[in-house]
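To start, the structure itself, in structure tokens.
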Amino acid sequence: MSGSIAHYCQKCLAPNPLGTDFCGRCGTRLMLVVEPTASRFEGGEAAVSTNEHLLERISATENRITRLAERLERSLDLMLRQAQNSSVDRSLVKVLVDVLAEEGLINKERLQQQWAQQCENEAGGQVSNRDEPQAGVSTKERSQARKRTSRRPRR
């Protein structure tokens, strides 16, 4: 391959001689850069360096776009996995609530009301503290719940 280097491959950045249509390294079709009218009247060396510069800039931009697309794809995969995990977690909590309600350890309706209230508070920027009084739960009920949990043996 003789001739001066005038084209850089936009995919692999390999130098290619003037007049070639495909990259000698990876086989990618080389982009054609239209020469500005003003460069026809300037020195030939300036026109070649401008073309090389434009090809390098385009190649670098394409590489950045490719890396960005790969990152976006990885992010999408992570989001999909997170959604699947959230679905499994939600199913587990539903089953756990049903089992505890069947055993008479919790009041399912009251739990659902408190959960809805907690979500509302958090959405409004009001994160409730565990020790603060909760709507619809008396101090007596909270103390009884604490006693029940403290009596259970820990594994």
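List every residue pair whose Cβ atoms sit under 9 Å apart, with the two residues 6 or more apart in sequence or on different chains, where the first one lies in the range 59-80 and is in the same structural domain as Lys11 (by TED's automatic domain parsing) and in a helix (DSSP H, G or I) and the second, anywhere, is modelled with pLDDT under 95 and aromatic (Phe, Trp, Tyr).
Hits for this filter: Ser59/Tyr8.
Please go through (1) loosely packed, with under 11 Cβ neighbours inside 10 Å; (2) over 17 Å from the mean Cα position of the chain (by Cα); (3) not hydrophobic (A, V, I, L, M, F, W, C) for Glu52 and return the number of the only condition it doesn't satisfy.
Looking at each condition in turn, Glu52 falls short on (1).
Which one of these does Arg67 not meet: (1) closer than 26 Å to Gln10 by Cβ; (2) of a type in the set (Lys, Arg); (3) at pLDDT below 90?
With respect to (1) closer than 26 Å to Gln10 by Cβ; (2) of a type in the set (Lys, Arg); (3) at pLDDT below 90, Arg67 is out only on (3).
The values are calculated or read from the model by the stated rules, or taken from the named source; none is laboratory data. Every value quoted in this text rests on a predicted model; they were computed, and no experiment measured them. Here Cβ is always computed from backbone atoms with ideal geometry, including for glycine, and neighbour counts include all displayed protein chains.
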